[in-house]
Amino acid sequence: MAAEIDYGILDEDDELSARVRAQTDQFFNSGRWGGPIGVEAASLITLFLSWPHLSHSQLLIWFIFATMSALGMFLGETVPALRRRTNSLGLPYSAMVATSAVGLVFGSVLWIDIGSIQASEARLTLLVVLFALTAGSMGGTAGITGLGQFMIFPTWGLAAAALFVSQEYLVGAGCVVFVLLMARDLRSTREMLFESIFLRELSRSRAHSAQQAANRDPLTGLLNRSGLEAATKATAERPNQITAMFIDLDHFKVVNDRFGHDAGDAVLLEVTERLITTVRPGDIIARLGGDEFLLIFEDELSDDTRMHIADELISNIEVPFSIGANEARISASVGITVVEASAFELNAVQREADRALYVAKGRGRRRSVHFDDRVRHELAERSDIETGLRRAIATRQIEPWGQPIVSIYSGEIRVVEFLARWRRSDGTFCPPDVFIPLAEEIGLIDDLGRHMLNRAGETLSAWRDHPHLSGVSVSVNVSPRQLIDEKFSEQIAELVDEWQLEPGKLILELTETAELHDAPLMRQTLDEVVAHGVLLALDDFGSGYSSVQHLIGLPIEYVKLDGALITDLGRDERQTALVRSIRDLAATLGRTVVVEGVEHARQAKQIAELKIELVQGFLYGAARPLHEIPLIAAETGDLALMRASRDLDDSEREAHGRLTRERRRVS
């Protein structure tokens, strides 16, 4: 059995090795007094039982030899030099001395007076003597733990059997006892003991490791949910306040999508190190799954300290992560809650911190939010919005409004962008930047998107014969979530077929994000959509990720220049140069530029000078209900160009006048 045990694990586990060796040494060294006392007790029992059968001289010789063996055992256990020697041999050396002495004396006594022990009761006496000697000496040497008796019992049984075979072998029986006691491999005895202790300690070690594994996150080594519960069991007994911080990594999915899950795991490990170095050694850190972490501070913290820790956590996580030759950047949102220790309940604390985290994300991420009455009110209001949004989407209460994209030279409407507007039952409007992200979050963006696309098809069909709108296209914003739906291209194909849409009439506007370029399924979907005669526009160009990569790599027709890039157009030469360079790049790639956010005549003048035709913004009209679009189709461009024409040169003004007169004549 010993050969099947992997003792090599002791070389790998220093703690386990130390425990096993210490317990083995303790076992063999614990019988310092027991061994001698056991031998001497066995001698006295022998004297008492053998008194009727042996002469006084024989008894005296027996007692002297037994006492000498007990003394030898005592010296072997107490003298340091002898102890080191006995330990190196496996079983204590004194056991060998005692056993040899007992065997020699016993054999000598039997040889001297074999005739006096012929009776059956004498044989019984010898059996008792054998048991007393073996169990006493060996049991005492082993620390009187019972293991010595167990190991020696088979030997004693063989000796007893030999004793009763025949009277002629009585002397041989004594020799058998001696030989069997001494012939046993003393080192194997130690190995048997070592093995039993090793198995017990290994079992305990593995049970402890299993318990640790059950309480630890396998990737980061941080506490998991069950470990967190165990670590916070005594928290309610503290007299102070407890602070909990719920941390979620913003845009962590982008890391997995762009660099792979191995890189994502490496980032999580680095985040773990940054969390550990930010907090104190006694603070509790747990990973609850994915990119969510929970920190528990059992010592009372001031408001300033809490905010300082949260700010430091956010700042540390924003330091770029190295992934090979690349860099990954993420941020973090933190939800904070504080409770009295006496009222601490992990689920409730986590729920409050999670709600605060939810608000932090809703406010733009990269920040911390403390759970308080204001947050409760905000969450209640958000819950009401969510309930109303579900009802509004289900009953088609959310309607598209249209904002024109016009030619800066002719004022004609070329495209109408559909923008979702929600008028609630109380008559107030819910802002799109509130309900659209919420629809994304609660999984309703697909339903909302389908509704807007169907309205676009219906509207294009209605405008087909309109004198001012027959040549107008309609653009609809789509979410990345819609683009990863395998059935999205089929929906577009059905829409085009149902409303008999001409190629180029429907435009899908894509918000510029990293997912557009990196997701193979999304790219395949875009190619299929274009094959159905639908055009693509890249919205908010210049405000997102990897803009040039998107412009080059995707089948884009329109590039919508973000309004933030023209705020000082006409006053800042750097902006003019930037817009000019984007125009040139787009022209080289065969893309059409649309300038968003045009609000001032000076901006329009510069855009006209840059020979960019299509513009959109309040200067040319805000979003309107769809039924108003036909009424303003002939006026929107004229009104805006009249404002801008004061700043146009003579040739542009003359061209503008001719186009305006022509449009009025046709009307």
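The values are calculated or read from the model by the stated rules, or taken from the named source; none is laboratory data. Bear in mind that the values here come from a model prediction, so they are computed numbers and not experimental data. No Cβ is skipped: glycine too gets one built from the backbone with ideal geometry, and neighbour counts run over all protein chains shown. We work out accessible area using only protein heavy atoms, side chains counted, and drop any ligands, DNA or RNA first. Shrake-Rupley method; radii C 1.70, N 1.55, O 1.52, S 1.80 Å.
Odds and ends about this structure:
- HN-Hα J in Hz across region 316-331 - Karplus 6.51, -1.76, 1.60, θ = phi - 60°, x for Gly and Pro: 5, 6, 6, 5, x, 9, 7, 10, x, 8, 9, 10, 10, 10, 9, 10
- In straight-distance terms, cross-link reach from Lys361 covers every one of the lysines whose alpha-carbon lies under 29 Å from its own, apart from those fewer than eight places away in the same chain; here that gives Lys253, Lys560.
- One quarter of the convex hull surface built on the alpha carbon atoms of region 336-401 amounts to 6.1 nm², the projected area averaged over directions.
- Distance between region 570-630 and region 407-485 - C-alpha centres, whole angstrom: 21 Å
- The share of alpha-carbon pairs in region 447-508 lying farther apart than 18 Å comes to 31%.
- For Ser581 and Ser331, a Förster radius of 30 Å and the Cβ-Cβ distance give a FRET efficiency of 0.55, rounded to the nearest 0.05.
- Backbone phi angles across region 255-261, fed through the Karplus curve with coefficients 6.51, -1.76 and 1.60 (θ = phi - 60°), yield HN-Hα couplings of 5, 5, 5, 7, 10, x, 6 Hz in residue order; Gly and Pro are listed as x.
- At q = 0.09, 0.11, 0.12 Å⁻¹, base-10 log of I(q)/I(0) for region 283-422 (Debye sum, equal scatterers on each alpha carbon): -0.48, -0.64, -0.72
- Portion, in percent, of the accessible area of region 361-467 that falls on carbon or sulfur, probe 1.4 Å: 47 percent
- Near Leu288, the amide H atoms lying under 5 Å from its own belong to Phe293, Leu294; only residues 5 or more places off or on other chains count, and H is placed 1.01 Å from N.
- Region 245-351: relative contact order in percent, alpha carbon pairs under 8 Å with at least 6 residues between: 37 percent
- Solvent-accessible ranking of Glu490, Glu15, largest area first, probe 1.4 Å: Glu15, Glu490
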